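Visitor: Below is the structure I would like to discuss, written out as structure tokens.
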Amino acid sequence: MTVIVLSGPVGAGKSSLTSILSKYLGTKPFYESVDDNPVLPLFYKDPQKYTYLLQLFFLNTRFHSIKKALSDDNNVLDRSIYEDSLFFHMNADIGRANKLEIQTYDELLDSMMKELDRMPKKHPDLLVHIHVSYETMINRIQKRGRSYEQLTFDPGLEDYYKRMLRYYHQWYEDYDYSPKMVLDGDKYDFMASQSDREEVLAEITAKLKQMGKLPKNWQAGEIARKAIEIGQ
Ligand SMILES: Nc1ncnc2c1ncn2[C@@H]1O[C@H](COP(=O)(O)OP(=O)(O)OP(=O)(O)O)[C@@H](O)[C@H]1O
């Protein structure tokens, strides 16, 4: 039984890969709610005011997802609690949280992580990180078209996104809750190209195989191949 978490900056393609990977492996996808998140549009409009609320909102939903994922023990998550601190501290570093908020957030997160340590399965089996350059990130953000994420909505987002990529670099280096692997999101377009999709899945399954973590009874047979055909 396998729990896989995806990571990567905004627009890296985590939700899409979660869908493909879970169909391929025959496991359950967990998605973070973005389009029905009531705080996200408020945050982009007034980050100074809504950073703390947004981060508490995410922490709360993410804590529930990871607990459920670790209990069900056979699934793929499009983002996990391990990345939340990056977002909070990145915003705090640009003055969007005060000292007391930082201290409270860190203590809360610490208590949550200790709670996870008491679960029968404590951490995911594998982290799959999607690395993208700024150009790819912006292309995907534009293509997806969420209005509040566009540079035209707030030109300050250019700095914000570039900062995010730097923070992710360090975050991935430091992540040690589980084995990890990185995919080149600039090279592979697993949404548009069938062969890219197959290569990415081959990389992930090779890693799972090497770790002895392919889901029970799983074979790269006809059902798995059909599930990942573009247009399915
Ligand atoms: N703590 C946080 N965790 C995740 N997203 C956050 C957080 N704080 C703010 N956000 C914002 O939430 C939105 C959702 O981002 P996320 O990268 O998870 O989804 P996505 O853009 O659909 O990614 P992908 O294209 O890789 O599936 C983004 O606008 C991001 O900036």
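No lab work stands behind these numbers, since they all come straight from the coordinates. A quick note: this is a predicted structure, and the numbers were derived from the prediction, not measured. As a convention, Cβ positions derive from the backbone with ideal geometry for all residues, glycine included, and neighbour counts pool all protein chains shown.
Visitor: What distance in nm separates the two pseudo spin-label positions at Ile230 and Arg146, each 7 Å out from Cα along the beta-carbon direction?
Guide: 2.5
Visitor: How high is the relative contact order of the range 102-232, in percent, counting Cα pairs under 8 Å that sit 6 or more residues apart?
Guide: 28
Visitor: In a Gaussian network model over the chain where Cα atoms closer than 10 Å are linked, find which of Asn75, Asn98, Asn217 has the largest mean-square fluctuation.
Guide: Evaluated over the chain, the most mobile residue of the options is Asn217.
Visitor: Pro29: net charge of surrounding residues, Cβ under 13 Å, Lys/Arg +1, Asp/Glu -1, itself excluded?
Guide: +2
Visitor: While we're looking at this one, here's another question. Find, to one decimal place in angstroms, the Kirkwood hydrodynamic radius of the range 10-211, where the mean of 1/r is taken over every pair of different Cα atoms and then inverted.
Guide: 18.0
Visitor: In nm, to one decimal, how far is the modelled label at Lys114 from the one at Gln170, with both set 7 Å along Cα→Cβ?
Guide: About 2.6 nm separates the two model spin labels.
Visitor: Moving on to the next point. Can you tell me the FRET efficiency between Arg163 and Ile223 if r is taken as the Cβ-Cβ distance and R0 is 41 Å, rounded to the nearest 0.05?
Guide: E(calc), rounded to 0.05, equals 0.45.
Visitor: The range 41-89 to the range 11-39: how many Å between their Cα centroids?
Guide: 14
Visitor: Find how much the distance from Lys28 to Lys216 grows on full extension, using 0.36 nm per residue of separation minus their present alpha carbon separation; answer in nm with one decimal.
Guide: 66.3 nm
Visitor: Give, rounded to the nearest 20 debye, the magnitude of the charge dipole that the chain has about its Cα centre when Lys and Arg contribute +1 at Cβ and Asp and Glu contribute -1 at Cβ.
Guide: 540
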